[in-house]
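Scroll down for the structure; my scribbles are underneath it.
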Amino acid sequence: MKKLFALIGCPVHHSLSPLMHNDALQSLGIDAYYHAFHVEREQLKEAVFGLKALQVAGFNVTIPHKTAIIPFLDDVDETAREMGAVNTVVNENGRLIGYNTDGEGFVRALCEQMKISLSGKRILLVGAGGAARGIYFALTRQGVSQIDICNRTVEKAVQVIAEAKSDVSSTAYSLQEAEERLENYDIIINTTSVGMTPNIEEMPISLHNLQKGTIVSDIIYNPLETKWLQEAKARGALVQNGVGMFVYQGALAFEKWTGIFPDVKRMEQIVLKQLG
Ligand code: ATR
């Protein structure tokens, strides 16, 4: 019987996941189909139990359900539990198990696309929301020497650092404080939605103190190059957009469902073609 993979979220109509996963399934000759389902907050529980009853093989979870889904799953792996968010669910012999591939997806994309090792690196995260939390957790496992977080609401940055209970040196800063000390970092990452379509003129922090050669990464992929990345590039930074993270989180989910790590270059091309 043809297997079903799914995405649940709200909204999902613009999602590129169906295109990317269906192409990977087809190119590998796997008899399965990936479909995006619009699920409202109030119907999350019914949707999860429905997918289980339909023996879905696995599914992705997106905004706004990544945290709310946890009580409705049969088990959640340790990393996802620590992050407090699930983006991938695997049906393991009738039990729905939650995972999170967002943070690892970001790290894999950063290392492979920028051809770097994170060992000993000094990193600044801009933002302290759900995306920042996942990325922060994943980075703490990479042998980095420092990960600071700056955020409009500083208390949230303090909270992310405290909850992670990591040994990595970390300080919370206001956006203004961080702007004054950009020369202290090897890698600067925007995890906020500031600069995303349609608000393409906005920038998460000013880059006036940016040093040449710094790696600047933005998790936004629409637009492909935010105004912030354009400015970073103009100041001599090495830049990366959010397509890599999107593709790698999907590839890691695909691997959990099928045991096969798909062709990420092919996935990236599909996404770029759609966005370009
Ligand atoms: P996500 O799960 O996508 O990370 P989120 O949890 O709502 O989304 O977090 C959004 C992040 O973007 C937060 O760090 C938020 O800052 P606050 O914690 O102060 O709200 C940040 N953010 C959103 N809009 C912003 C803006 N206009 N200026 C600065 N930061 C902003």
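The values are calculated or read from the model by the stated rules, or taken from the named source; none is laboratory data. Remember, predicted model here, so these are calculated numbers, not experimental data. Counting neighbours? That spans all protein chains shown, and the Cβs are built from the backbone with ideal geometry, glycine included.
What number of residues in region 118-140 are assigned to a loop (DSSP other than H, G, I, E, B) and either free of Cβ contacts under 8 Å to residues at least 24 places away in the same chain or within 16 Å of the ligand (Cβ to nearest atom) (or both)?
At the first step, the residues of region 118-140 found to be assigned to a loop (DSSP other than H, G, I, E, B) are 118-121, 127-129.
Those still in the list that are either free of Cβ contacts under 8 Å to residues at least 24 places away in the same chain or within 16 Å of the ligand (Cβ to nearest atom) (or both) too: 127-129.
Here the count works out to 3.
For region 5-46, how many residues are among the aliphatic types (A, V, I, L, M) and touching a strand residue (DSSP E or B) at 6+ places or on another chain (Cβ under 6 Å)?
So in region 5-46, the residues among the aliphatic types (A, V, I, L, M) come out as 6-8, 12, 16, 19-20, 24-25, 28, 30, 32, 36, 39, 44.
The next check asks that each one be touching a strand residue (DSSP E or B) at 6+ places or on another chain (Cβ under 6 Å); those that pass are 6-8, 12, 25, 32, 36, 39.
Looking only at that region, the number is 8.
State the number of residues belonging to region 70-88 that are under 18 Å from TYR248 (Cβ atoms) and in contact with a strand residue (DSSP E or B) (Cβ under 8 Å, 6 or more places away or on another chain).
Step one: filter region 70-88 for residues under 18 Å from TYR248 (Cβ atoms), giving 77, 79-80, 83, 85-88.
Filter again for in contact with a strand residue (DSSP E or B) (Cβ under 8 Å, 6 or more places away or on another chain), leaving 77, 79-80, 86-88.
Total satisfying the criteria: 6.
For LEU110, which of the numbered conditions (1) within 16 Å of the ligand (Cβ to nearest atom); (2) buried (at least 19 other Cβ atoms within 10 Å of the Cβ) fails to hold?
All conditions are met except number (1).
Quick one: which residue in SER174, SER193 is surrounded by fewer than 22 Cβ atoms within 10 Å (Cβ to Cβ), of a type outside the set (Lys, Arg) and more than 9 Å from the ligand (Cβ to nearest atom)?
Working: SER193 fails: more than 9 Å from the ligand (Cβ to nearest atom).
The match here is SER174.
Look through GLY134, GLY105, GLY129 and report the one residue that is exposed (fewer than 15 other Cβ atoms within 10 Å of the Cβ) and under 25 Å from ASN222 (Cα atoms). I'd like the intermediate steps shown before the answer.
Working: GLY134 fails: exposed (fewer than 15 other Cβ atoms within 10 Å of the Cβ); GLY105 fails: exposed (fewer than 15 other Cβ atoms within 10 Å of the Cβ).
Just a single option satisfies the conditions, and that option is GLY129.
Are there any pairs, at least 6 apart or on different chains, whose C-beta atoms fall under 7 Å, with the first in region 226-242 and farther than 11 Å from MET196 by Cβ and the second assigned to a helix (DSSP H, G or I) and modelled with pLDDT of 95 or more, and if so, which?
Close Cβ pairs satisfying both conditions: LEU238/MET114; VAL239/LEU229; VAL239/ALA232; VAL239/LYS233; GLN240/LEU110; GLN240/GLN113; GLN240/MET114; ASN241/LEU229.
Table: residues versus (1) in a helix (DSSP H, G or I); (2) within 20 Å of the chain's Cα centre (by Cα).
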residue	(1), (2)
ASP167	no, no
GLN176	yes, no
GLU183	yes, no
ILE188	no, yes
VAL194	no, yes
GLU201	no, no
SER206	no, no
LEU210	no, no
GLY213	no, no
